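Inspection log for the structure reproduced underneath, given as structure tokens.
Please treat every number below as a calculation from the coordinates, not as lab data. The shown structure was predicted, so the numbers you read here are calculated from the model rather than taken from an experiment. Virtual Cβ from ideal backbone geometry, glycine too; neighbours counted across all protein chains shown.
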Amino acid sequence: MGTYNNEIEQFIYNICYHPMWEAAYSYIAEHPYALNLTYSKIQSPDSALLEDMILEFSKNIRINEDALLFDAVVSCTIILTEERISGTASHETSQWLIISCKAKVSDKLDSVAVTDISNYNPGKDKKKDGQAVSKNIVPILYKKDLDNEAEEFLKKYFPVALEKPTPVPISEIAEKMGLEIIQGNRITDDFSIFGEVYFTAGQAEVYDLFKISKNKIDVHRGTILVDAYTFWERNLGCVNNTIAHEVYHWYKHRMYAAIKYILYGKDFVACRCPSSMAYPSKSESWTDIQRMEWQANNMAPRILMPISTFRVKVNDLYQEYDYQNSELKPQVLTCIAEELAKFYGVSKQSVLIRMMEVGYKEASSIYQYNEKDKRHIYVSKSDAFYEYCANKEFRKLVDSGNFRYVDGYFVINDETFLHLDDNGIYTLTDYAWANLDECALKFAWQTLHPEDQRYLPFEIFHRKNTDKQISQYDASDNVTVLALSEDLLAKRNEFECEKGHAKLTSINKTCWELIYELIRERGMSKTHFCNATLLGEEVYRKAEKNITTNPELRTIVAIACGLDLDITTTEKLLQLAGHAFNDSDEHRALKFCITGLFGYSIEERNTFLESYGYKPLGSKERA
């Protein structure tokens, strides 16, 4: 026997050893033939006596509320005897057994029972009953398991939340679990702790509301203290999140606290602090406290907003607000987040984080900039085109191709941030959604007076003659992101040069000849070309036959939009046909279709043109 460097084996050695010895003693005496006697001098013992037992290690450690389940692997010294003609023969042998136990623990050991004993067999299947924990009694929980863990909790305490969207009454659940919630006191004098849960009875030091006096109050096992200012300084959502945090500590960490108390007489109080706990890097080790705080921090919002029904609620609000078709996505998203926060009784910040976790990546734009930065990153098409027309610096940047307008954001044109899906549509990568401040342009707000609103959409321009707020680009607000875009562009050009990427040239070619070469390079059939450009078959035949007459400017723009050509290639085609963009409003709109709406379908680009009163591209009738 000896001391052990983990809690479970120290607990077995200090607390459970005697009942295990008794059970092993009886098992060996009653089942001598069940022992492994392969190497024993006595193969058919008449009796077996346990002389000594050493705990080697434990395995399959689980918890289930107040039950601690474990398998103890022990080495036994056994005396075997056999009656022979010559007299009684005895032999000392060694045998390893696995002893399965169930201990009921509160703030003391209430009971321990041996549920099974068998010969130890290395590699035996793991047991699945209960929650697996480490040898220090800390639940083993991975990020992929968090939502399932929340569902298991709610199945037991509030299953209706898994059937339909509904607020989770976390205070009522706490009472159902036998917990007492005490509010009205200050836990600290600097609001550094939101809440605490007590795993043993005792006294808690608290301040009065005005931090004038400090006194002690009696708390029993299972008391949750919520700092009085958690509501006043934060909101009801913070209170609910704090209670959910402490409830989960009680639900899965009270065994850890009980073992500490039984073994060492240590009181353990789990706290929720306003600032996020610093977690280790990949090369660093986690402490038990860090693991448990990570678990409670991540479980609280999942309990309050269970994934399946939370998605149903979000989708309902997206449909109600017509989010996908809105030109004011940030404002609409903010309204949705506020409505969700009110419905679930949580903070807007918690809602936005939860939305990002379950796949609504656009919530990151509100989360990263909401109430933190006077600048914004989401820009409507109308704002983008106004600035494109009115701001030469911004127009030059958009025409450079260094940024793409995707999902309402001007993002660096690099595969780190943009992904081209199987349908030829650009989307933001997961990395981009999580790091919009790194890859997206920022904009300020400017006020437009009625006389300055000529570049607004046709419908907006003819509304009531009032001032309007619109996005404004300033390079000085985007120094870092511009530098990154230039750096990535240089690396991309260097890579293409090293790989010898072939580029189409217009030397000694007609406009139609270059168009047909572009069509073939993209592997487009006649039908595909016509559908992509909304042009008739005669246009395809002209390119195929390389007729002598040149295409019209709008025909070239339609081809550029349908084939998703960049501005450089488009201007080559225009030059070969004897055309060029001028500074007229319509030509700026056509050019913006190529540079600003790169990756958009021709139908979407036509919707943009029509909103300004311009004729759509293509000669085919649109469905």
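What ³J(HN,Hα) values, in whole Hz, does the Karplus curve 6.51 cos²θ - 1.76 cosθ + 1.60 give for the stretch 70-83 when θ = phi - 60°, with x put for Gly and Pro?
After applying 6.51 cos²θ - 1.76 cosθ + 1.60, I find 7, 10, 9, 9, 10, 9, 10, 9, 10, 9, 9, 10, 9, 7 Hz.
Enumerate by residue number the trypsin sites (Lys or Arg not before Pro) in the stretch 553-623 meeting two conditions: DSSP loop (anything except H, G, I, E, B), and at most 15 other Cβ atoms within 10 Å of the site's Cβ.
Qualifying residues, ordered by number: Lys620, Arg622.
Which of the pairs Lys108/Lys128; Lys41/Lys126; Lys144/Lys491; Lys282/Lys342 have their Cα atoms more than 28 Å apart in this structure?
Going by Cα-Cα distance, Lys41/Lys126; Lys144/Lys491; Lys282/Lys342 fall outside the 28 Å limit.
Given that compact globular proteins tend to follow 2.2 N^0.38 Å, what is the ratio of the alpha-carbon Rg of the stretch 143-304 to that value?
The value comes to 1.05.
Could you give the nm distance between label points at Ser44 and Glu320, where each point is 7 Å from its Cα heading toward the beta carbon?
8.2 nm
How about Lys348: which aspartates and glutamates have a C-alpha closer than 18 Å to its C-alpha, ignoring those fewer than 8 places off in the same chain?
Glu233, Asp316, Glu338, Glu339, Glu357, Glu362, Glu371, Asp373
Quick one: what are the phi-derived ³J(HN,Hα) couplings along the stretch 375-385, Karplus 6.51/-1.76/1.60 with θ = phi - 60°, whole Hz, x for glycine and proline?
Per-residue couplings from phi come out as 7, 9, 10, 7, 9, 6, 4, 5, 5, 4, 6 Hz.
Any idea how far the Cα center of the stretch 185-202 sits from the one of the stretch 63-77, in Å?
Here the two parts' Cα centres lie 34 Å apart.
Just to confirm the filter: which GluC sites (Glu not before Pro) across the stretch 540-623 are DSSP coil and have at most 12 other Cβ within 10 angstrom of their Cβ?
Glu552, Glu621
Applying the Karplus parametrisation 6.51 cos²θ - 1.76 cosθ + 1.60 with θ = phi - 60° to the phi angles of the stretch 544-556, what ³J(HN,Hα) value in whole Hz is obtained for each residue in order, glycine and proline being reported as x?
4, 8, 6, 5, 7, 6, 8, x, 6, 4, 5, 5, 4
Quick one: which of Lys135/Lys260; Lys59/Lys127; Lys313/Lys361; Lys392/Lys442; Lys164/Lys252; Lys509/Lys591 span more than 19 angstrom between C-alpha atoms?
In this structure, Lys164/Lys252; Lys509/Lys591 exceed 19 Å between Cα atoms.
Projected area of the chain, taken from the Cα convex hull and averaged over every viewing direction, in nm²?
Result: a mean projected hull area of 41.6 nm².
For the stretch 511-611, I need the span (max minus min coordinate) of the C-alpha atoms along each principal axis, in Å, sorted largest to smallest.
34, 26, 20
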